[in-house]
Amino acid sequence: MEIKLDPLSSWPIEQRKPVIIAGPCSAESEDQMLQTANALKNIGNVIFRAGVWKPRTRPNSFEGIGPVGLEWMNTVKQETGLKTTTEVANAKHVEEVLKNDIDVIWIGARTTVNPFAIQEIADALVGVDIPIMVKNPMNPDVDLWLGAIERFSKIGITKLAAIHRGFFSYGSVKYRNIPQWQVAVELKRRIKGIPMICDPSHIAGKRELIREVSQKAIDLNF
């Protein structure tokens, strides 16, 4: 199907590279979020991110602070002027995010693998004009990634971007998630003009690898 895309000028970011999306993987306190946001705000072209719902592999793990974290994000927005983004994984999350005026939402890799979950989120966003970033699925399946983006396009979302965060690997490897850059390049080939955002933290897993992963992404015009 044809995917209609709005230009990046319609997104809440400046029209230059790089765009920095940064903040705590998991929101833990308002103070933590404000300290992080104040350290980021003068860099420029920053979207503040924080996870308030955290899908975990096993039960009895910390699965996020929940909706109160969205209130903290609103405080960040008011005090720093930064735009905000968080992950949603179901229709209830969408409802809470829209109620709290989050600027951008993202779909996590664990959700992208599930077409039923994607459709539930898409149904909850019918008639809503909000930018959506879709992470690649855990496994290197271009069609699954493409299908998730198509489901949002089908309900009228035109501010769409893909996030390349690497792919699950088993055993000892250099990166936490193998980049397999060719998969992201293939998605860009199939969806002309889609912004491709690299998530170097998830790919690298080690601070010392962030620079080389980021440079590779910039070389590929992500």
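The values are calculated or read from the model by the stated rules, or taken from the named source; none is laboratory data. Remember, predicted model here, so these are calculated numbers, not experimental data. With ideal geometry, Cβ positions are generated from the backbone for all residues, glycine too; neighbour counts draw on all protein chains shown. These area figures cover heavy atoms from the full protein model, side chains too; ligands, DNA and RNA do not enter into them. Shrake-Rupley method; radii C 1.70, N 1.55, O 1.52, S 1.80 Å.
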- Quick check: is even one residue across the range 204-216 touching an Asp or Glu at 6+ places or on another chain (Cβ under 7 Å) and not in a loop (DSSP other than H, G, I, E, B)? no
- Task: Out of the residues in the range 138-157 that are assigned to a loop (DSSP other than H, G, I, E, B) and under 16 Å from the mean Cα position of the chain (by Cα), state the one that is farthest from THR85 (Cα to Cα).
- Result: MET138
- Query: Mind checking which pairs have a first residue in the range 108-136 that is basic (Lys, Arg) and a second that is open to solvent by 50 Å² or more (accessible area, probe 1.4 Å) and in a helix (DSSP H, G or I), Cβ under 8 Å, 6 or more apart or different chains?
  - Reply: none
- Query: Any idea which of HIS202, HIS164 is of a type outside the set (Asp, Glu) and in contact with a Cys (Cβ under 6 Å, 6 or more places away or on another chain)?
  - Reply: HIS164
- Item | Among the candidates PRO137, PRO195, PRO179, residue that is under 17 Å from ASN90 (Cα atoms) and not hydrophobic (A, V, I, L, M, F, W, C) | PRO137
- Scan of the range 34-54 for residues that are surrounded by 15 or more Cβ atoms within 10 Å (Cβ to Cβ), in contact (Cβ under 8 Å) with a residue 40 or more places away in the chain and either part of a loop (DSSP other than H, G, I, E, B) or more than 13 Å from the chain's Cα centre (by Cα) (or both), ordered by number: LEU34, ALA37, LEU40, LYS41, TRP53
- Message: Anything in the range 72-91 that is assigned to a helix (DSSP H, G or I), surrounded by 14 or more Cβ atoms within 10 Å (Cβ to Cβ) and either among the acidic types (Asp, Glu) or out of contact with any Asp or Glu (no Cβ under 7 Å at 6 or more places or on another chain) (or both)? List them, or say none.
- Response: MET73, VAL76, LYS77, THR80
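In the list VAL113, VAL128, VAL134, which residue meets the criterion of being touching a helix residue (DSSP H, G or I) at 6+ places or on another chain (Cβ under 8 Å), surrounded by 17 or more Cβ atoms within 10 Å (Cβ to Cβ) and over 18 Å from MET196 (Cα atoms)? Step through it out loud before you land on a result.
Working: VAL128 fails: surrounded by 17 or more Cβ atoms within 10 Å (Cβ to Cβ); VAL134 fails: over 18 Å from MET196 (Cα atoms).
Just a single option satisfies the conditions, and that option is VAL113.
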- Message: Could you check the range 1-46 and list, in sequence order, the residues that are among the aliphatic types (A, V, I, L, M) and under 25 Å from VAL113 (Cα atoms)?
- Response: MET1, ILE3, LEU5, ILE21, ALA22, ALA27
- Message: Residue pairs, Cβ under 7 Å, 6 or more apart or interchain, first in the range 12-27 and touching a residue at least 12 places away in the same chain (Cβ under 8 Å) and outside any strand (DSSP E or B), second hydroxyl-bearing (Ser, Thr, Tyr) and surrounded by 12 or more Cβ atoms within 10 Å (Cβ to Cβ). List them.
- Response: GLY23/THR36; PRO24/THR36
- Query: Residues in the range 60-75: is at least one more than 22 Å from VAL97 (Cα to Cα) and modelled with pLDDT under 95?
  - Reply: yes
